[in-house]
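Every number here is computed from the coordinates shown, using simple stated rules; none is lab data. Just so it is clear, the structure is predicted and the values come from calculations on it, not from any experiment. Note that we place each Cβ from the backbone using ideal geometry, even for glycine, and neighbour counts take in every protein chain shown.
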There are 2 protein chains.
Amino acid sequence: MTAAKRKRQDAILELVTTRAIGSQEELRQLLIERGWEVTQSTLSRDMRDLRIARVPTPSGVRYTAGEYSGEEGRAMLPTLLPQLFQKMEFTRELIVVKTFSAGAQPIAEAIDAEGDPDILGTIAGENTVLIICRSEAAAARVAKRLLALAER
Amino acid sequence: MTAAKRKRQDAILELVTTRAIGSQEELRQLLIERGWEVTQSTLSRDMRDLRIARVPTPSGVRYTAGEYSGEEGRAMLPTLLPQLFQKMEFTRELIVVKTFSAGAQPIAEAIDAEGDPDILGTIAGENTVLIICRSEAAAARVAKRLLALAER
DNA sequence: TCTGAGGTAGCAATATTATGCATCATTTCG
DNA sequence: CGAAATGATGCATAATATTGCTACCTCAGA
């Protein structure tokens with residue numbers, strides 16, 4: 001991630017927690033005033049990255065940054081997986097990830113930290129992580145994403 | 001509120017907390033399977049009433065019902081205000097609500113319980129509630145809404 | 001029963017957000 | 001440095017959500 005992107009996302013996080021913002025376009029204006037000129041598309045992606053929730057209220061829609069909105073744990077999986085990943089299989093809504101050495105625990109923690117709603121929970125052994133997903137479709141999505149992360 | 005609406009919203013709340021739902025249309029299909037046939041417009045309104053947040057995640061958008069999503073405290077203000085409201089004035093981002101007898105405390109609590117993002121906080125005296133809003137615009141919105149609630 | 005008030009919900013139009021694709025920028029390696 | 005790979009972003013458009021308006025339904029009171 002570029003420095004510019006990181007700083008912009010910091011600014012977004014601050015704006016969102018500081019003010020009651022009601023649309024990405026409104027946020028865009030505030031960012032422009034502060035010297036960041038980007039399109040709404042980019043903000044949509046930033047909001048996804050930051051997990052900023054859109055909450056409807058009696059007085060209109062508002063964005064709020066919640067527990068997972070930081071950028072801490074998010075970077076963990078992309079660095080851990082390529083290191084420790086060995087192979088993966090899945091059946092129904094269960095995914096089994098094989099890792100090298102004692103890689104299961106840290107990977108399970110990183111996965112939990114992501115807070116992916118497709119994932120109900122994980123169980124880590126020595127070099128095996130079991131991921132329990134919400135559904136078969138969810139498992140497929142998760143598996144695909146993990147594989148993409150691992151392969152780099 | 002009609003019984004049908006209440007039951008439907010109960011069903012929505014359960015579905016949303018049970019599954020990973022990604023759009024109002026998807027929710028609509030699930031409701032139809034369960035015997036509720038309504039349009040997406042209605043669901044949009046239900047989601048607002050229930051304060052169901054739309055959270056973007058790496059694996060797509062998901063809805064989640066949070067702390068304020070119940071229907072408890074929400075009914076309080078509409079019943080309290082018409083009873084206790086005397087008059088209201090506001091200046092900048094401050095709103096002062098005058099109430100009858102010892103009405104300030106319960107009204108302040110009901111307002112707090114709403115969790116309106118336009119409102120930073122409230123201070124209640126004997127028969128005066130001070131509402132500190134996020135901005136002048138926020139104060140205007142809040143004042144308008146409170147007035148509408150009071151006048152019935 | 002008739003009538004009016006208040007509340008719901010559908011429809012259609014509008015507003016907002018997400019995304020596929022192409023392009024430009026940045027980093028990595030040889 | 002130059003080429004290739006990866007990442008970031010804009011543009012156009014698709015997907016989703018919100019809302020004004022109207023119709024209808026229910027309940028209370030005359």
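What does the average come to when, for each residue of peptide B:46-53, you count the partner chain Cβ atoms lying within 10 Å of its Cβ?
For peptide B:46-53, the averaged partner shielding equals 3.
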Check your understanding: How large is ³J(HN,Hα), in whole Hz, for each residue of the stretch A:132-144 in order, when computed from phi with the Karplus curve 6.51 cos²θ - 1.76 cosθ + 1.60 and θ = phi - 60°, using x for Gly and Pro?
Key -> 9, 9, 6, 6, 5, 4, 4, 4, 4, 4, 5, 4, 4
Review point. Under 5 Å between amide H atoms, partner at least 5 residues away or on a different chain: which partners does A:MET88 have, H built in plane at 1.01 Å?
Key: A:LYS98
Check your understanding: So what J values fall out for the stretch B:27-41 if you push phi through Karplus, 6.51 cos²θ - 1.76 cosθ + 1.60 with θ = phi - 60°, rounded to Hz, Gly and Pro as x?
Key -> 4, 4, 4, 4, 5, 4, 4, 9, x, 9, 10, 9, 8, 5, 3
Review point. Hey, with R₀ at 41 Å, roughly what FRET efficiency would B:THR79 and B:LEU30 work out to, going by the Cβ-Cβ distance, to 0.05?
Key: 0.80
Check your understanding: With the contact rule set at Cα under 8 Å and sequence spacing of 6 or more, what percent relative contact order holds for the stretch B:3-69?
Key -> 33 percent
Review point. What FRET efficiency do you get for B:LYS7 and B:LEU147 if R0 is 30 Å and r is their Cβ-Cβ distance, rounded to the nearest 0.05?
Key: 0.45
Review point. From the label point of B:GLY121, set 7 Å along Cα to the beta carbon, how far off in nm is each other copy's matching point, shortest first?
Key: 3.8
Point to revise | Partners for B:LYS98 among lysines (Cα-Cα distance below 16 Å; same-chain residues under 8 apart left out) | key: B:LYS87, B:LYS144
Review point. Put a dot 7 Å past each Cα toward the Cβ at B:GLU136 and A:LYS98; how far apart are the dots in nm?
Key: 6.8 nm
Revision key, fill the gap. Expressed as a whole number, the average count of other chain Cβ atoms within 10 Å around the Cβ atoms of B:131-137 is 1
Review point. Using the Karplus equation 6.51 cos²θ - 1.76 cosθ + 1.60 (θ = phi - 60°), what ³J(HN,Hα) coupling, rounded to whole Hz, does each residue of the stretch B:11-17 give in order, writing x for Gly and Pro?
Key: 4, 4, 4, 5, 4, 5, 7
**Study point:** Built amide H within the under 5 Å cut-off of A:LEU120, gap 5+
**Key:** A:ILE132, A:CYS133, A:ARG134
Exercise for review: Take every Cα pair under 8 Å in chain A that's 6+ residues apart, average their separations, divide by the length, and report that relative contact order as a whole percent.
Suggested key: 17 percent
Study note, to complete from the structure: For B:ARG62, the residues 5 or more places away or on another chain with a placed amide H closer than 5 Å to its own amide H are B:VAL55, B:THR57
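Within 10 Å of each Cβ in B:86-99, how many Cβ atoms from other chains are there, averaged over the peptide?
0
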Review point. If you put a point 7 Å past Cα along the Cβ direction, how far is that point for B:ARG34 from the same point in each other copy, in nm, smallest first?
Key: 4.0
